[in-house]
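Chemist: I have a structure here, written as structure tokens, and I will follow up with some questions on it.
The values are calculated or read from the model by the stated rules, or taken from the named source; none is laboratory data. These numbers come from a predicted model, not from an experiment. Cβ sites come from the backbone with ideal geometry, for glycine too, and all protein chains shown count toward neighbours. Surface areas here come from the heavy atoms of the whole protein model, side chains and all, with no ligands, DNA or RNA. Shrake-Rupley method; radii C 1.70, N 1.55, O 1.52, S 1.80 Å.
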Amino acid sequence: WTFTSSGTYQTDTATGVVVQPGPPTQLIVVAPGQSLAPGTGGVYGSAQTQTAGSFIPITVYVTDEYANQVSTGRNPIYVVTSDTFAVAAGSYSLTGGALTVTNVTFNKAGSQWVYANDNDLAQPALSQGTSSMTIVAASAQQLQLVLPGESADPGNLSSNEPRGVTGT
């Protein structure tokens, strides 16, 4: 930061001013193609398109209201997705106010979300962090047989609904 003051009699410039972050207020989720934007309240860039079934590294930051990273020991942070067919990424501990989750995956193509929730019940809750991205279908791996009375259910890999279909 550089501050400059000027007046009728004097001009002066001060450099090297250190801005300290405020108290932790929010979680910010940063996807590939994005970066934390301290001082703005959010992120720079747009999330890159990802492929269904691929692991996607997601970084979660604890920040003040202006997206300045705050080193805090708040734990746990729970990471989930909007994909009803994906396995929840899980619960994680922060180090220095940040964590990187490498096992986020989506099974269903389309517009999807990643959510980070503060599960530290001993302190006031941080606001939820979110990031959206487009997921495209992976390369074809097999043929799908849909019989009468069934319907295709893309992304459903459940053993209860074989072949990605629902119905009987």
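Chemist: Against the conditions (1) on the phi < 0 side of the Ramachandran plot; (2) open to solvent by less than 70 Å² (accessible area, probe 1.4 Å); (3) out of contact with any helix residue (DSSP H, G or I) (no Cβ under 8 Å at 6 or more places or on another chain), where does residue 149 fall short? Just the number, please.
Modeler: (1)
Chemist: Could you check, for the range 24-35, whether at least one of its residues is modelled with pLDDT under 95, open to solvent by 50 Å² or more (accessible area, probe 1.4 Å) and not polar (S, T, N, Q)?
Modeler: No; the residues of the range 24-35 include none that is modelled with pLDDT under 95, open to solvent by 50 Å² or more (accessible area, probe 1.4 Å) and not polar (S, T, N, Q).
Chemist: Taking into account only those residues within the range 128-146 that are among the aliphatic types (A, V, I, L, M) and surrounded by 14 or more Cβ atoms within 10 Å (Cβ to Cβ), which is nearest to the chain's Cα centre (by Cα)?
Modeler: Per the criteria, the residue is 133.
Chemist: For residues in the range 91-123 being among the charged types (D, E, K, R) and not in a strand (DSSP E or B), which is least open to solvent (accessible area, probe 1.4 Å)?
Modeler: The extreme case among them is 120.
Chemist: Just for the range 68-124: of the residues that are at pLDDT 90 or above and on the phi > 0 side of the Ramachandran plot, which one is nearest to the chain's Cα centre (by Cα)?
Modeler: Of everything passing the filter in the range 68-124, 97 is nearest to the chain's Cα centre (by Cα).
Chemist: Considering only the range 42-83, how many residues are open to solvent by less than 30 Å² (accessible area, probe 1.4 Å), part of a loop (DSSP other than H, G, I, E, B) and in contact with a Phe, Trp or Tyr (Cβ under 6 Å, 6 or more places away or on another chain)?
Modeler: 2
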